[in-house]
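Before any comments, here is the structure.
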Amino acid sequence: MCSKLLIAVCLLAYISVATAASASFIKKCKWEDSTCIKESTQAAIPVFAAGIPELGIEKLDPLHYDKLNASSETLILLLEDIVITGVKDCQAKKIQRDVPKEKLIVKALCTVDLNGQYEMNGRLLFLPIQGKGKVHAVLRKVMINVEGDVVEKKGKDGKVHWDIKSWKHTYELKDKASIELENLFQGNEVLGRAARELLDSSANEVIGEVGPPIIKALLTKVIKVVDRFFREVPAEELTLD
Ligand SMILES: *[C@@H]1O[C@H](CO)[C@@H](O)[C@H](O)[C@H]1NC(C)=O
């Protein structure tokens, strides 16, 4: 018969095995070995994208948002029931850690697909635009740069953990995006045509105007997950340094 104490010990052992097993997909590298770090990060991306329930890490692909506000100064743009896919296929381009400055720099190239509902009213690149309906957008080859302030902190397990204190990002579209908005101007063909032509010819400029809150929402979820992972898994399991 298992005593209560024994059950507790069994449970603890099980939890630590599960934790060790879940971090074991990380190939440890030395920070100066940039090839190793890039490969290790690349291998980790689909694992994170699928979610790691035993570490409380939610799926990153697909990502769901009930509401996103992508309004600018000239345009009201509200998105609803948004599903973003593609994170699992992001390519790690560069990962660099500057230990004295406590910086972690990550560059990744991603193509993301967005589906959902939109409602917009105002001016987009100076053209009046209005509509409400389905939206589908593809952002191709977005080069994302994230610079995080990563400090070392002692975790509940008494070991050193990384902690993302703050972060900032930039991004650049390396390929042509596409945006489809159904039911522009309540389906008025004539008014809708000019807007559709603009969306076709200047998709990247449009993304430049309305994309930042969307990219930010996406990165916020990704970084939340990575921060959670750092909190669960001590640094010694992630690096050879
Ligand atoms: C969306 O954001 C704009 C500007 O940032 C703001 O004026 C507006 O009230 C917001 N709308 C909603 C529904 O949150």
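Values quoted throughout were computed directly from the atomic coordinates according to the rules given, and no laboratory measurement underlies them. Everything numeric here is computed off the predicted structure, so don't read it as measured data. Neighbour counts are summed over all protein chains in view; Cβ atoms, including those assigned to glycine, are modelled from backbone coordinates with ideal geometry.
Between the C-alpha center of segment 196-241 and that of segment 117-165 there is a gap of 4 Å. Straight-distance candidates among the lysines for linking to Lys134, with alpha-carbon spacing under 16 Å and chain neighbours fewer than 8 residues away dropped: Lys67.
Membrane-span-like helices in the chain, defined here as complete DSSP H runs extending at least 24 Å along the helix axis by their C-alpha atoms with mean Kyte-Doolittle hydropathy no lower than 1.6, are 4-23; this is a sequence and geometry rule, not a statement about a membrane.
For the chain, the Cβ-based charge dipole about the Cα centre amounts to some 540 debye (Lys, Arg positive; Asp, Glu negative; other atoms uncharged). Straight-distance candidates among the lysines for linking to Lys165, with alpha-carbon spacing under 17 Å and chain neighbours fewer than 8 residues away dropped: Lys101, Lys103, Lys153, Lys154, Lys216, Lys221, Lys224.
Computed from backbone phi, the HN-Hα couplings of segment 143-156 come to 8, 10, 10, 10, 10, x, 8, 10, 10, 9, 9, 7, x, 5 Hz, rounded to whole numbers (Karplus: 6.51 cos²θ - 1.76 cosθ + 1.60, θ = phi - 60°; Gly and Pro given as x). Think of segment 88-183 as a dipole: +1 on every Lys or Arg Cβ, -1 on every Asp or Glu Cβ, centred on the Cα centre; then among Asn115, Asn183, Gln91, Gln91 lies furthest on the positive end. Calculated on C-alpha atoms, the gyration radius of segment 26-237 divided by its Kirkwood radius gives an Rg/Rh of 1.04. In terms of the mean number of neighbouring beta-carbon atoms within 10 Å, the peptides 216-223, 190-197 order highest first as 216-223, 190-197. So for the chain, taking the charge dipole from beta-carbon charges (+1 Lys/Arg, -1 Asp/Glu), which of Gly51, Gln130, Trp162 sits furthest toward the positive end? Going by the charge dipole, the pick is Trp162.
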